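Presented below is the structure to which this report refers.
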Amino acid sequence: MSESQTGASVMAAIHERRSVRSYSPYVMDQSIVRSLLAAAVRAPTAKHEEPWIFAIVQDNGLLKRISDLAKKLMAESESQAHVDRGAHPPDFFSIEHFNIFYNAGTLVVICGKLLGEYVVADCWLAAENLMLAAFSMGLGTCVIGSAVSALNRPEIKSELNIPSDVRVIAPIIIGVPEGETGLTPRKEPHICSWN
Ligand SMILES: Cc1cc2nc3c(=O)[nH]c(=O)nc-3n(C[C@H](O)[C@H](O)[C@H](O)COP(=O)(O)O)c2cc1C
């Protein structure tokens, strides 16, 4: 945890957050996860529906199983793409030791009750709150979109106690960063009009 990061202002957190893909083996205290969830649910929410539900995974065996399933599903869909566009599937899906969660000790799965057209927006707003809050506490995060298909499989949802009418939207890993991660660049905002 870097000192300058701890208690970062909102602007600093927005400008300095980055996706972290290397973590120290540290089991995050439940109280830290709860404070991140408290920040997540402060996000704006359409019609004040608060449609989010959170599944927390800290069991390394379960994280590995979900990672393996996600890799299998991605390899299958990439094989299909290979047929369609003549490209080879990315090698890392078949690398045995590659863990799509980068060995982070905590996965927060943000799910949404399918209540209306803004459920997905609500959940992503909660996701960003969580990631900025984590950054300000010296923690690293990364959205793992590649886990969504596996997490939405009925057998995994049932294992995580996610009701069948609830959809997995934003899986986010959290942990103590190991080593330094550089900031990625951004294009200038494309302003198409300013009347
Ligand atoms: C919807 C979404 C899905 C993502 N899925 C993955 C993923 O599966 N694996 C991964 O390593 N990073 C994933 N990322 C992180 C992006 O790669 C990352 O945000 C982007 O490269 C910009 O880098 P930064 O977050 O460090 O600024 C995802 C980000 C978003 C918003």
(request) Please tell me which of these pairs span more than 28 angstrom C-alpha to C-alpha: 71/157; 72/157; 72/187; 47/157? (result) 72/187
(message) Give me log10 I(q)/I(0) at q = 0.14, 0.27, 0.28 Å⁻¹ for the stretch 124-164, Debye formula, one equal scatterer per alpha-carbon, no solvent.
(response) -0.45, -0.87, -0.88
(request) Heads up, I need the accessible area for residue 17: 1.4 angstrom probe, whole protein in place, Å², nearest 10. (result) 50
(message) What distance in nm separates the two pseudo spin-label positions at residue 15 and residue 31, each 7 Å out from Cα along the beta-carbon direction?
(response) 3.3
(message) Could you work out what % of the accessible surface of the chain is carbon and sulfur, using a 1.4 angstrom probe and leaving DNA, RNA and ligands out of the count?
(response) 55
(request) Before rounding to the nearest 500, sum -39500 (n - 2.57) across all DSSP H runs of length at least 4 in the chain and divide by the residue total; then give [θ] at 222 nm in deg cm²/dmol. (result) -11500 deg cm²/dmol
(request) For the chain, report the accessible area per residue in Å² (1.4 Å probe, heavy atoms, rounded to an integer). (result) 59
(message) What FRET efficiency comes out for residue 187 versus residue 22 if R0 is 30 angstrom and r is the Cβ-Cβ distance? Round to the nearest 0.05.
(response) 0.70
(message) What are the ³J(HN,Hα) couplings of the stretch 134-145, residue after residue, when phi is run through the Karplus curve with 6.51, -1.76, 1.60 and θ = phi - 60°? Round to Hz, x for glycine and proline.
(response) 4, 4, 5, 9, x, 9, x, 9, 7, 6, 10, x
(message) Can you give me the Rg/Rh ratio for the chain, using Cα atoms for both radii and the Kirkwood formula for Rh?
(response) 0.98
(request) Using a Gaussian network model of the chain whose springs link C-alpha atoms within less than 10 Å, name the residue from 116, 175, 138 with the highest mean-square fluctuation. (result) 116
(request) When a/c is below 1.5 the answer is rounded, else prolate if a/b is larger than b/c, else oblate, so apply that to the stretch 127-195 with a ≥ b ≥ c taken from the square roots of the Cα gyration tensor eigenvalues. (result) oblate
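Where in the chain lies the longest segment free of GluC sites (Glu not before Pro) that are both loop residues by DSSP (not H, G, I, E, B) and have at most 10 other Cβ atoms within 10 Å?
So the longest stretch without any such site is 4-95.
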(request) With a cut-off of at most 11 other beta carbons within 10 Å, and DSSP calling the residue loop, which chymotrypsin sites (Phe, Trp or Tyr not before Pro) in the stretch 113-195 qualify? Please list them. (result) 194
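The values are calculated or read from the model by the stated rules, or taken from the named source; none is laboratory data. Source: prediction; values computed, not measured. Here the Cβ is made from the backbone with ideal geometry for all residues, glycine too, and neighbour counts use every protein chain on show. Accessible surface areas use protein heavy atoms only, side chains included; no ligands, DNA or RNA. Shrake-Rupley method; radii C 1.70, N 1.55, O 1.52, S 1.80 Å.
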